[in-house]
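S.K.: To start, I am sharing the structure in question, which I have written as structure tokens.
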Amino acid sequence: MPPSPLAVLTALALLLVGGTVVAAVLLRRRVLRERAEEWSRFQRARAAHPDARVFEVVEVYQNARSGTKAIIEWHGTQGRQDAWFDGFFLPPGALALVTGRTGYGPHNDDPAVFYVRWDQVHTWVRPEVRAAP
């Protein structure tokens with residue numbers, strides 16, 4: 001006797017749900033593996049550039065064609081500083097390994113703005129990479 005239409009539909013629904021769960025698990029594993037690899041590249045760059053410093057972008061408060069004004073927090077010190085990213089953008093929460101200089105900021109009359117050009121960013125990671133196990 002052939003299976004009932006209800007049994008066939010139930011089996012198809014279970015296959016669909018099972019396939020969706022398997023696909024989601026495989027995708028999540030791939031994403032976590034990619035994040036771990038990105039974090040590992042960041043750590044290798046830190047080792048390769050011992051004079052560079054790490055900061056987190058706390059807040060971006062102005063984007064312009066010529067660059068980005070932001071508040072950064074230095075890794076390990078929790079010291080905050082205004083920063084100017086000359087010609088590029090980093091999202092809030094990103095970690096960056098940089099060299100740069102501190103100088104006068106005419107936009108806010110701040111004598112201690114950190115200036116960094118794109119070629120002074122050795123590497124950076126997206127905020128979600130930091131959360132990778």
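Quick note: the coordinates plus some simple rules give every number you see, no bench work behind them. What you see is a predicted model, and the numbers here were worked out from it, not measured in a lab. So basically every Cβ, Gly included, is an ideal-geometry build from the backbone, and we count neighbours across all protein chains shown.
S.K.: Considering the chain as a Gaussian network with a 10 Å cut-off on Cα pairs, which listed residue, D82, D109, D51, attains the greatest mean-square fluctuation?
M.R.: Between D82, D109, D51, it is D109 that shows the largest mean-square fluctuation.
S.K.: Using alpha carbons only, how many degrees (0 to 90, rounded to 10) separate the axis of helix 5-48 from the longest principal axis of the chain?
M.R.: For 5-48 against the chain, the angle is about 20 degrees.
S.K.: Considering amide H positions built from the backbone, and no H for Pro or chain starts, which residues 5 or more places from V58, or on another chain, come under 5 Å of its amide H?
M.R.: Here I71, I72, E73, G93 satisfy the definition.
S.K.: If you don't mind, another one. Please give, to one decimal in nm, the separation of the simple spin-label points placed at R41 and R80, each 7 Å out from Cα toward the Cβ.
M.R.: 3.1
S.K.: Continuing with the same structure: Mind checking which of R28, R117, R53 has the largest fluctuation in a GNM of the chain, springs on alpha carbons under 10 Å?
M.R.: Per the Cα network of the chain with a 10 Å cutoff, R28 tops the list.
S.K.: So for the chain, Kirkwood radius off the Cα pairs, Stokes-Einstein at 10 °C and 1.306 mPa s: how many µm² s⁻¹?
M.R.: Once the numbers are plugged in, D ends up at 90 µm²/s.
S.K.: Given the -39500 (n - 2.57) contribution per DSSP H run of 4+ residues, what per-residue ellipticity at 222 nm results for the chain, rounded to the nearest 500 deg cm²/dmol?
M.R.: -12500 deg cm²/dmol, from helical runs alone.
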